[in-house]
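Worksheet: one structure, shown below.
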Amino acid sequence: MWIFFALISIVMQGLVNYIDEFLTNNNKLSEKTDTHTKIGGLVLISTLMSFVGAGLMTFIPHDPIISNTAKILAITSAVPMVFMYISYFWLLITYPVHQVTPLFQISSLWLLLMELLFGGSVTALALLGIFVLMYGAYVLDAGTFKWKIPTKLLLISLPATFASALALWMARVASNTGSPIAFTYYQMLGVGIIGVLLFVFVKKYRDGFLFRIKHQGKVFLSMSLLNEGLAESSFLFGNMAVAIAPIAAFIPAMSGVQSIFVMILFFLFPQGKRTKATLIQWFAVILIAIGVFIIEYR
């Protein structure tokens, strides 16, 4: 059953990535505008819409009883999630989404390390998977098979993917003491609260958000509403998959397919030259997917 939940999450998240590319590059702000203002609209709409997601969680039949520890984990997990949002949108300003999302498979390595800290072990096959994954990530970042200093894409993706893995790990731990749906409810509340704080205290985010509401209201809000509905549903199915999967690292391993799905979407429905993948990028994404599958079946 966890594979079914994971696949639903993957397809939904792939559609989210496709729409994110559209929303990022259809911004009427000046090219000279600083990055924080540019991403402010997307960061705030992503966080504030979590209140709607939390409200919808109450209509899904589930056991509402959840321990205080699980509640704390759920609300706290909102911090790495929002950090991941900010890093993700920051990268999309410079890089196309089909180049950014595959690097988030590095989160499977972080999850593997977390499991090792709690008594797990690494086989020779897992080490091979790690090597294949990291080499694929390097090739995607560098755009060549030759050695060169990694760009900020790979460097920023490391803390961003750690944040993503940490949120998944916290969901995994909390699932032992409560329903994953209840966990997702409190997690979304936490994300929404952080969104309110960002709106109040971070002027650049607020300015970017209000600019897009004023100048692109209908398109921005309608596309964002669709996108956040898909994103929050994806998070829910992801948390449900994590809760019942044999090993937490299986989920990001399965999502290696997501990057290929996103690239197929851009191949069928291109959004300009920026979204056209090169042969090296196709090769790198396939390597990353192979790497995470090897880790899964270690």
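The spread of Cα positions in the chain, taken along each principal axis and listed from longest to shortest, comes to 55, 53, 32 Å.
Placing +1 on the Cβ of every Lys and Arg and -1 on the Cβ of every Asp and Glu, with no other charges, gives the chain a dipole of roughly 840 debye about its Cα centre. Membrane-span-like helices of the chain, defined as complete DSSP H segments with a Cα extent of 24 Å or more along the helix axis and a mean Kyte hydropathy of at least 0.5, are identified as 2-25, 78-94, 124-142, 152-174, 180-201, 279-296. Farthest towards the positive end of the charge dipole of the chain, among the residues ALA284, MET57, ILE8, is the Cα of ALA284, using unit charges on the Cβ of Lys, Arg, Asp and Glu.
Exposure proxy for SER77, SER259: other Cβ atoms within 10 Å of each Cβ, ordered fewest to most, give SER77, SER259. Compute the length gained on full extension between LYS214 and LYS28: take 0.36 nm times their separation in residues and subtract their Cα-Cα distance, giving the result in nm to one decimal. Residue separation times 0.36 nm, minus the Cα-Cα distance, leaves 65.9 nm.
Please report the spacing between the Cα centers of region 102-160 and region 264-280 in Å, no decimals. After rounding, the separation between the Cα centres reads 24 Å.
Mean residue ellipticity at 222 nm from the helices of the chain, using -39,500 (n - 2.57) per DSSP H segment of n ≥ 4 over the full residue count, to the nearest 500 deg cm²/dmol?
Details: 14 runs with 229 residues, N = 298.
Calculated mean residue ellipticity at 222 nm is -25500 deg cm²/dmol.
Sorted ascending by nearby beta carbons within 10 Å, beginning with the fewest, PHE261, PHE235, PHE201 become PHE201, PHE261, PHE235.
Computed from the coordinates by the stated procedures, all read-outs in this text should not be read as laboratory data. Computed from a predicted model, the values in this text were never measured in an experiment. In this analysis, Cβ positions are derived from the backbone assuming ideal geometry, glycine residues included, and neighbour counts consider all displayed protein chains.
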